[in-house]
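Report on the following structure.
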Amino acid sequence: PGLALDAQAAVLRLADGAAIGMSASAAGALQPLKSCTSVLGVGVDLPATPWSRCDHCPSAPRCAIARRSKESAA
């Protein structure tokens, strides 16, 4: 489930990857090649996960998005 790998370039554009020097080649490889990346699910109807990108954010206790994430996980 989620987005196909060929959507990676569009996701990088939406996330403004160029601001930190990241891009995707025509084959979908991330550049620079020594980039430290993580794979996160992006898409509709993804399976539930036990973690949230908000878990380690110092603003989470005050954040409406983090609260909604906790409520939807419960």
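Out of all the residues in segment 11-23, which are part of a helix (DSSP H, G or I) and more than 18 Å from Leu33 (Cα to Cα)? Reasoning before the result, please.
Our first condition is that a residue be part of a helix (DSSP H, G or I); within segment 11-23, this holds for 11-14, 17-20.
Of everything in segment 11-23, just one residue is part of a helix (DSSP H, G or I) and more than 18 Å from Leu33 (Cα to Cα), namely Leu14.
Taking segment 1-20, which residues are loosely packed, with under 12 Cβ neighbours inside 10 Å and in contact (Cβ under 8 Å) with a residue 24 or more places away in the chain?
Matches in segment 1-20: Pro1 only.
Pull up segment 25-71, narrow it to residues that are in a helix (DSSP H, G or I) and surrounded by 10 or more Cβ atoms within 10 Å (Cβ to Cβ), then point me to the one that is modelled with the highest pLDDT. Step through it out loud before you land on a result.
Restricting attention to segment 25-71, the residues satisfying the condition of being in a helix (DSSP H, G or I) are 60-62, 64-71.
Applying the additional criterion that residues be surrounded by 10 or more Cβ atoms within 10 Å (Cβ to Cβ) yields 60, 65-70.
On the way: Ala60: 82, Ile65: 77, Ala66: 77, Arg67: 79, Arg68: 77, Ser69: 71, Lys70: 70.
Only one residue fits best here, namely Ala60.
The values are calculated or read from the model by the stated rules, or taken from the named source; none is laboratory data. From a predicted model like this one, the values you see are computed outputs, not experimental measurements. When we count neighbours, we look across all protein chains shown, and the Cβ atoms used for this are built from the backbone with ideal geometry, even at glycine.
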